[in-house]
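Below is one structure, written out as structure tokens; comments come after it.
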Amino acid sequence: MTLYLEAKTSIPDLFIDYIEVRLASGESASLNWDESEIYRNPDGFGAKYKGVYFGEEPANGRLDELCDMVITDIGLYSDTVSKPKITISEMEFVDNGRSLEFSPPKNCIQEDGHVDEKQ
């Protein structure tokens with residue numbers, strides 16, 4: 001599975017380590033990946049995350065489990081800012097020729113990495 005992501009941030013060296021989600025089933029899953037490619041732009045960055053995992057389990061073939069997911073936490077990293085913020089604007093998961101687009105609410109990820117759930 002591959003994840004394509006668009007994010008807005010003013011921090012030029014910000015990276016995402018993981019994305020914690022709550023699946024429609026109510027189960028929590030930590031999205032991790034084998035490889036990442038980051039494309040910086042003036043508003044933030046676009047990213048391609050290849051080899052997506054739910055925790056330590058490969059996510060291949062599990063696209064349907066991501067329907068109606070909710071982002072609950074994001075691990076952020078920056079060398080220059082100790083309390084980074086980010087807004088994820090778009091996510092697209094691609095798996096075996098199928099895709100799932102996910103546009104999260106325009107919530108800001110807070111300083112501690114937790115999602116501000118205002119809608």
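The values are calculated or read from the model by the stated rules, or taken from the named source; none is laboratory data. Just so we're clear, the structure is a prediction, and the values are computed from it rather than from any experiment. All Cβ positions, glycine included, derive from the backbone under ideal geometry; neighbour counts span all protein chains shown. Ligands, DNA and RNA are excluded from the accessible area calculation, which covers all protein heavy atoms including side chains. Shrake-Rupley method; radii C 1.70, N 1.55, O 1.52, S 1.80 Å.
Below are the figures for this structure:
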| quantity | calculated |
| --- | --- |
| Per residue solvent-accessible surface (Å²) - the range 33-96, probe of 1.4 Å | 54 |
| The range 8-90: relative contact order as a whole-number percent, Cα under 8 Å and 6+ apart | 42 |
| Accessible surface of the range 2-89 [probe 1.4 Å, protein heavy atoms]: carbon and sulfur percent | 45 |
| Accessible surface ranking that places the most exposed of ARG62, ARG22, ARG98 first, with a 1.4 angstrom probe | ARG98, ARG22, ARG62 |
| Magnitude of the charge dipole, the chain, Cβ model with Lys/Arg +1 and Asp/Glu -1, debye to 20 | 340 |
| Reciprocal mean inverse distance between Cα atoms of the chain - Kirkwood radius, Å | 14.4 |
| Charge tally in the Cβ shell below 14 Å around ARG98, where Lys, Arg are +1 and Asp, Glu are -1, ARG98 excluded | -4 |
| Heavy-atom accessible area ranking, 1.4 Å probe, most first, across LEU63, LEU76 | LEU76, LEU63 |
| Largest-first ordering by accessible area, 1.4 Å probe, given options LYS50, LYS8 | LYS8, LYS50 |
| Rough spin-label spacing in nm, given labels placed 7 Å along Cα→Cβ, for GLU90 and ASP43 | 0.9 |
